[in-house]
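What follows is a single structure, written as structure tokens, with notes after it.
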Amino acid sequence: MSSKWDPSKWVLHRLYSKHAGLRKRLPPTSILTPASLSRSLKSYGAVYIKGKNQHTGSGIIKAWKTANGYRFVKERGKRVNTKSIHDLYYMVRDGRPSRSVLVQKAIDLASIKGRPFSIRLMLMRDRERKWKYAGMLAKVSGKGSIISNVRRGGGYATTIDKALAQSLNYGRKQIKGTKRRLIRIGFETIRHATKSGYLSHETGLDLGIDKKGKIWIIEVNLVYPSYGLFNKIKDKTFYRKIKRLAAAYRKRRKD
């Protein structure tokens, strides 16, 4: 069950669908049913199946059409084939309660040496409770993994500059412009959430860039977003800034 404190992926999807500017950046998403699964696979060819309240890449499944039926893989596990959409539905639902699972269009993300990456962007409130940009990095999927969560997927973290240069061959000017757009989208996202009554003092957005350069909103974490990965990259500037903002906000709350 979700709340204003910890809203589910579905609640947030519906929330951002009401924002004209953000709506176009949301991958098409539905509650998982045999009909929605069949329709999504026909429309997009490949989909992700994820629990409404699951985080850190836990339980995520990718399914796609094949010449003889369907195939799916869970996180970085074994690929499974099936010919029936109904068999596929029950397999990917995996015993989870009805209406607790989502089916979402699989975005053809930009990749580094064949390994897709997503972007973690951190926004945090400062001592004066003003939202500040705290940093961003790229999370590169592990070999054979369908998720970019580094711990679960066996991938690695790198700077957004390196990721954009290596994947899309962006130059300095394109990288700078893309980072500005990512930050702007981040602020639009948190403003819409807070105006709608969702309380938060730090948020971690998982954004994606497809192979054509379009930016997508994959997931918004309004509660306890992880930022340990910022300590995994060589330049600790963002990690120090995140720790400084977090400490300042905690101190303000105690004053």
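Condition check ((1) in contact with a Gly (Cβ under 7 Å, 6 or more places away or on another chain); (2) at pLDDT 90 or above) across all residues:
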| site | (1), (2) |
| --- | --- |
| 4 | yes, no |
| 24 | no, yes |
| 30 | no, yes |
| 46 | no, yes |
| 54 | no, no |
| 77 | no, no |
| 95 | no, no |
| 102 | no, yes |
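So residue 181 passes all but one of these: (1) surrounded by 16 or more Cβ atoms within 10 Å (Cβ to Cβ); (2) more than 14 Å from the chain's Cα centre (by Cα). Which condition number does it fail? The single condition residue 181 does not satisfy is (1). Of all the numbered requirements in (1) of a type outside the set (A, V, I, L, M); (2) surrounded by 15 or more Cβ atoms within 10 Å (Cβ to Cβ); (3) under 23 Å from residue 187 (Cα atoms), residue 154 misses one, and that requirement is (3).
Let's see how each residue does on (1) on the phi > 0 side of the Ramachandran plot; (2) surrounded by 17 or more Cβ atoms within 10 Å (Cβ to Cβ):
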{"position": "90", "(1), (2)": "no, no"}
{"position": "99", "(1), (2)": "yes, no"}
{"position": "113", "(1), (2)": "yes, no"}
{"position": "138", "(1), (2)": "no, yes"}
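Can you report the number of residues in region 61-88 which are charged (D, E, K, R), within 16 Å of residue 35 (Cα to Cα) and surrounded by 12 or more Cβ atoms within 10 Å (Cβ to Cβ)?
Total satisfying the criteria: 2.
Within region 29-40, the set of residues being closer than 15 Å to residue 107 by Cβ and either acidic (Asp, Glu) or outside any strand (DSSP E or B) (or both) comprises just one member, 40. Can you name the residue in region 13-28 that is part of a helix (DSSP H, G or I) and surrounded by 17 or more Cβ atoms within 10 Å (Cβ to Cβ) and, of all such residues, is nearest to the chain's Cα centre (by Cα)? Top of the filtered list is 13.
Okay, residues lined up against (1) in contact (Cβ under 8 Å) with a residue 24 or more places away in the chain; (2) polar (S, T, N, Q); (3) touching a helix residue (DSSP H, G or I) at 6+ places or on another chain (Cβ under 9 Å):
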position	(1), (2), (3)
157	yes, no, yes
166	yes, yes, no
169	no, yes, no
180	no, no, no
193	yes, no, yes
204	yes, no, no
208	yes, no, no
223	yes, no, no
227	yes, no, yes
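Could you please let me know if residue 231 is surrounded by 16 or more Cβ atoms within 10 Å (Cβ to Cβ), under 20 Å from the mean Cα position of the chain (by Cα) and of a type in the set (S, T, N, Q)? Considered against the rule, which asks whether it is surrounded by 16 or more Cβ atoms within 10 Å (Cβ to Cβ), under 20 Å from the mean Cα position of the chain (by Cα) and of a type in the set (S, T, N, Q), residue 231 comes out as no.
At least 3 residues being more than 22 Å from residue 11 (Cα to Cα) and among the hydroxyl-bearing types (Ser, Thr, Tyr) is the threshold, and among the strands (runs of 3 or more DSSP E) wholly inside region 45-135 not one reaches it.
Given the criterion closer than 19 Å to residue 157 by Cβ and out of contact with any Pro (no Cβ under 8 Å at 6 or more places or on another chain), identify the matching residue among 123, 88, 109, 102.
That would be 123, the only listed residue that is closer than 19 Å to residue 157 by Cβ and out of contact with any Pro (no Cβ under 8 Å at 6 or more places or on another chain).
The values are calculated or read from the model by the stated rules, or taken from the named source; none is laboratory data. All values derive from a computational prediction rather than experimental measurement. Neighbour counts run over all protein chains shown; Cβ positions are idealised from the backbone, glycine included.
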